Amino acid sequence: MTLREVKTGQTVTVEKLLGEGAVKRRIMDMGITKGTEIYVRKVAPLGDPVEVTVRGYELSIRKADAELIQLK
């Protein structure tokens, strides 16, 4: 399951990042690493972006990036 498939109000844990190179580094720079808990606050009507809470701050993630975050 990826972050894109999670419903509003759920809390999930990151298992693995699927991206390569700069894309993976950008996701990690946002504080999303293996074992991090992510709370899904809102999903835009068309699914892009996804608004989440990570490590105590709010973050909006594009649909393409959310597909690269694999969850437990």
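Before we move on, is ARG4 in a helix (DSSP H, G or I), of a type in the set (Lys, Arg) and free of Cβ contacts under 8 Å to residues at least 12 places away in the same chain? Spell out how you get there, then give the answer.
Values: in a helix (DSSP H, G or I): yes; of a type in the set (Lys, Arg): yes; free of Cβ contacts under 8 Å to residues at least 12 places away in the same chain: no.
No; evaluated as a whole, the condition is false for this residue.
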* Structure fact -> Only one of (1) open to solvent by less than 90 Å² (accessible area, probe 1.4 Å); (2) free of Cβ contacts under 8 Å to residues at least 12 places away in the same chain; (3) in a loop (DSSP other than H, G, I, E, B) does not apply to GLY9, and that is (2)
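Can you name the residue in region 31-51 that is of a type in the set (D, E, K, R) and assigned to a loop (DSSP other than H, G, I, E, B) and, of all such residues, is most open to solvent (accessible area, probe 1.4 Å)? Working first, answer last.
Taking region 31-51 and keeping what is of a type in the set (D, E, K, R), we get 34, 37, 41-42, 48, 51.
Then drop every residue that is not assigned to a loop (DSSP other than H, G, I, E, B), which leaves 34, 48.
Values: LYS34: 160, ASP48: 72 Å².
Among those that are of a type in the set (D, E, K, R) and assigned to a loop (DSSP other than H, G, I, E, B), it is LYS34.
The values are calculated or read from the model by the stated rules, or taken from the named source; none is laboratory data. Keep in mind it's a predicted model, so treat the numbers as computed, not measured. Every residue, glycine as well, gets a Cβ built from its backbone with ideal geometry; the counts of neighbours run over all protein chains shown. Please note that ligands, DNA and RNA were not included when accessible areas were found on the heavy atoms of the full protein model with its side chains. Shrake-Rupley method; radii C 1.70, N 1.55, O 1.52, S 1.80 Å.
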